[in-house]
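The values are calculated or read from the model by the stated rules, or taken from the named source; none is laboratory data. Quick caveat, the model's predicted, so the values are computed rather than measured. Reconstructed Cβ throughout: ideal geometry from the backbone, glycine too, with neighbour counts over all protein chains shown.
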Amino acid sequence: MTESKGKSPKWDIARSQIGDGKLSIIMPAYTLGASIADNIMHVHTLFSEQIPFEIIAVDDGSSDNTGNEINRIAKELSNIVPIILTDNVGKGAALRAGFHASSGSHILLLDGDLDLPPEQVANFFKIMANADSDIVIGSKRHKDSKLNYPWHRKLMSNIYYILIKLLIGLPVKDTQTGIKLFTRPVLEYVFPRMLVKRFAFDLEILSIAHQKGFTVAEAPITMDFHGTLGCAKPRAIRNIMNDTLAIFYRIHILKYYQSIRDTHMPNPPPLVSIAIAYPAPSSQLDECLAGIAKQHYKNYEVILLPDSSHEPLSIGDNSKTVIIPTGKIRPAQKRNMGIEAAKGDIVAFLDDDAFPTDDWLRKAVVYFSDDNIAALGGPATTPPNDNFMAQMSGRVYANKLVSGNYVYRYIPERVREIEDYPSCNLFVKADALRQLKGFNTRFWPGEDTFLCMDIVNKLKKTIIYDPWVHAYHHRRALFLPHLRQIGRYALHRGYFARKFPATSRKLSYFIPSIFVIGLITGAILSPFCPLCRIFYFTVIGIYTLLTFLAAFSIRPHVWIITWLGIMLTHIVYGTRFLIGLLAYKMPIAVDNFDHPSEGKK
């Protein structure tokens, strides 16, 4: 039963708490096509005439008609903001997307399945007022809660409560219930620091808030559980445990959350010029532009830099697009032409074989309110639609024994300051680019390394990495296309290690070359020196075992291919790095793009 029309006295405290603000109700939904429209209608009817509100309904990349149903009901009702995510990114990421679309002074997180009746929200406001708290969470362990809840989930909830009490020390008895009320400053502080997207996001939200000093109160709930076993599955339990231990590590070992600088949207929101250098149109460029068209942040222009003129490609609004034919020149020269044409305060460099996630621009722009930050990079992960051997290339890049301390370029990791970042997903302030006269066109690859070096050393500015500034980047397939690309990277890094030690003379870059030299030297000396032979084969055995274990997969063929990819990558990188290190001048492999043919990535 929903409330009848007219203001109810039980909402008086809520109205007092909200004042001139409003309540933003974020409802994440996944494969709820059969019920989501009715659930939104129920919530809308309940809050109408009681308090000012909006409903942000977020479809987390559902495979059914959930998104269509959300869009349909949004056209019928006022105060509904539909957020339709292209991919299933996890409930935590969906809530974050909903928050960024909200404008309320208070935020209610409410599961879209309505297992937790929204009628109890009035009591949440009462508890918030009485306890003078910043957060009120529903608690299954509250003495006054009324539950229709399976015994096995109660057992898991009790075990998890004990675990987080020991590891995190949160002063609450339940973190996982899907109804929570926040004042807006809490989530403005928390969301930029969050890393968990799927499993332990509730715990991470509350942990970050508690560490900052925000206060939490618990409310009794009524719950009629209609779900399935859900998190009782072994894989989900393992993922929750991994996330929980990672939160413990970030709080108590890294001291990570308090180290993240505060960010806010610049006022007014800046224009971003997205520069894409490429040889010719392709389906991958179409995919890239489609990703740009889906951005939640709309203040951008797109500067396309092909070899020759072609028909305009639609990104939803062609008035935002400029095509500048460049001739067959190096990428650095193309990007410099893009910088000259850019009208924006920020220039975003994106490869044409990469495509951004929906909130890519908005996540990046907030950093540029800080005058000390001149550039920002984000992970370029392997797309799920890449073919098998390209996926294997992505696995090799994302392996710690290949990318070492730079694995964050290929899989999302924590926010950090960096000194060097590739231009496949790089944002730079336009005034910094013009001070430095753009990219150094003598280098390819490596022009982005040179630019970052000048940002840090000449301009004395900061470059930030943020895992939420996320794009997907198609890979070249194992083995030959992947190894050719690795060889070019190694060649320029070897040359830079000799010429520009500040960014490139690091032990991690030399290790593959040391390994290659050891392979050759050991093979030469082993026939003549028994002791050398024992040492040589011992080292080879240890290396083989380490790379074999590092390549682990439950699928044997994936394990073996990744293992071979790691070893061949080491050998090719080590050899080409030595060539670059010893080169008098930077060897230029080709003057134009090495752009893989579509379907052969």
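Among the residues making up the stretch 396-448, those that are among the aromatic types (Phe, Trp, Tyr) and either assigned by TED's automatic domain parsing to the domain that holds residue 571 or out of contact with any Phe, Trp or Tyr (no Cβ under 8 Å at 6 or more places or on another chain) (or both) are 406, 444.
Residues of the stretch 195-253 that are small (Gly, Ala, Ser) and either part of a helix (DSSP H, G or I) or modelled with pLDDT under 85 (or both): 200, 207, 209, 227, 230, 232, 236, 246. Could you list all residues from the stretch 111-131 that are crowded, with 23+ Cβ neighbours inside 10 Å and aliphatic (A, V, I, L, M)? Listed by number, the residues that qualify are 121, 128.
Okay, residues lined up against (1) modelled with pLDDT of 90 or more; (2) surrounded by fewer than 16 Cβ atoms within 10 Å (Cβ to Cβ); (3) assigned to a helix (DSSP H, G or I); (4) among the aromatic types (Phe, Trp, Tyr):
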residue	(1), (2), (3), (4)
390	yes, no, yes, no
396	yes, no, yes, no
405	no, yes, yes, no
422	yes, no, no, no
440	no, no, no, no
445	no, no, no, no
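Of all the criteria given as (1) free of Cβ contacts under 8 Å to residues at least 24 places away in the same chain; (2) surrounded by 23 or more Cβ atoms within 10 Å (Cβ to Cβ), the one not satisfied by residue 320 is (2).
Scanning the stretch 519-538 for residues that are surrounded by 16 or more Cβ atoms within 10 Å (Cβ to Cβ) and under 18 Å from residue 579 (Cα atoms) returns a single hit, 519.
Going by what's in this entry, would residue 451 be described as in the same structural domain as residue 382 (by TED's automatic domain parsing), over 22 Å from residue 261 (Cβ atoms), surrounded by 22 or more Cβ atoms within 10 Å (Cβ to Cβ) and modelled with pLDDT of 90 or more? Yes; evaluated as a whole, the condition is true for this residue.
Listed here are the residues, each with its yes/no results for (1) in contact (Cβ under 8 Å) with a residue 40 or more places away in the chain; (2) surrounded by fewer than 21 Cβ atoms within 10 Å (Cβ to Cβ).
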position	(1), (2)
458	no, yes
462	yes, yes
471	yes, no
485	yes, yes
488	yes, yes
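Note on the stretch 498-513: among residues that are over 30 Å from the mean Cα position of the chain (by Cα) and closer than 16 Å to residue 449 by Cα, the one that is modelled with the highest pLDDT is 498. Residue count for the stretch 98-117, restricted to those that are over 10 Å from residue 24 (Cβ atoms) and touching a Pro at 6+ places or on another chain (Cβ under 9 Å): 3.
Scanning the stretch 267-280 for residues that are surrounded by 14 or more Cβ atoms within 10 Å (Cβ to Cβ), out of contact with any Asp or Glu (no Cβ under 8 Å at 6 or more places or on another chain) and part of a loop (DSSP other than H, G, I, E, B) gives a single hit, 269.
Any residue at all in the stretch 68-78 that's assigned to a loop (DSSP other than H, G, I, E, B), touching a residue at least 12 places away in the same chain (Cβ under 8 Å) and out of contact with any Leu (no Cβ under 9 Å at 6 or more places or on another chain)? Looking through the stretch 68-78, at least one residue is assigned to a loop (DSSP other than H, G, I, E, B), touching a residue at least 12 places away in the same chain (Cβ under 8 Å) and out of contact with any Leu (no Cβ under 9 Å at 6 or more places or on another chain). Residue-level check: of (1) more than 28 Å from the chain's Cα centre (by Cα); (2) crowded, with 16+ Cβ neighbours inside 10 Å, residue 137 misses just (1). Listed by first and then second residue, the pairs with beta-carbon distance under 6 Å, at least 6 apart or on different chains, first residue in the stretch 115-142 and among the acidic types (Asp, Glu), second modelled with pLDDT of 90 or more and surrounded by 17 or more Cβ atoms within 10 Å (Cβ to Cβ), are 134/183; 134/186; 134/214. Take residue 173 and tell me if it is touching a Phe, Trp or Tyr at 6+ places or on another chain (Cβ under 9 Å), charged (D, E, K, R), within 15 Å of residue 109 (Cα to Cα) and touching a residue at least 12 places away in the same chain (Cβ under 8 Å). No, not satisfied. The condition (being touching a Ser or Thr at 6+ places or on another chain (Cβ under 8 Å) and over 21 Å from residue 487 (Cβ atoms)) is satisfied by just one residue among 371, 420, 352, 359: 352. On the stretch given as the stretch 555-601, residues that are farther than 24 Å from residue 491 by Cβ and modelled with pLDDT under 90 total 2.
For every residue, the table says whether it meets (1) buried (at least 21 other Cβ atoms within 10 Å of the Cβ); (2) closer than 23 Å to residue 277 by Cβ; (3) small (Gly, Ala, Ser).
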{"residue": "350", "(1), (2), (3)": "yes, yes, no"}
{"residue": "353", "(1), (2), (3)": "yes, yes, no"}
{"residue": "359", "(1), (2), (3)": "yes, no, no"}
{"residue": "380", "(1), (2), (3)": "yes, yes, yes"}
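Looking only at residues in the stretch 361-383 that are outside any strand (DSSP E or B) and small (Gly, Ala, Ser), the one that is farthest from the chain's Cα centre (by Cα) is 369. Being surrounded by 22 or more Cβ atoms within 10 Å (Cβ to Cβ) and of a type in the set (Val, Ile, Thr) holds for only one residue in 25, 73, 13, and it is 25. Would you mind stating whether residue 358 is in a loop (DSSP other than H, G, I, E, B), touching a strand residue (DSSP E or B) at 6+ places or on another chain (Cβ under 8 Å), touching a residue at least 24 places away in the same chain (Cβ under 8 Å) and assigned by TED's automatic domain parsing to the domain that holds residue 450? So residue 358 passes the test.
Taking the stretch 173-190 as the range and being surrounded by fewer than 19 Cβ atoms within 10 Å (Cβ to Cβ) and at pLDDT 85 or above as the test, the residues that pass are 184, 185, 188, 189.
Restricting 169, 138, 178 to those that are small (Gly, Ala, Ser), out of contact with any Gly (no Cβ under 9 Å at 6 or more places or on another chain) and assigned by TED's automatic domain parsing to the domain that holds residue 242 reduces the list to 169.
If you go through the stretch 451-484 and keep only what is of a type in the set (Phe, Trp, Tyr) and either closer than 14 Å to residue 333 by Cα or part of a loop (DSSP other than H, G, I, E, B) (or both), you end up with 468, 479.
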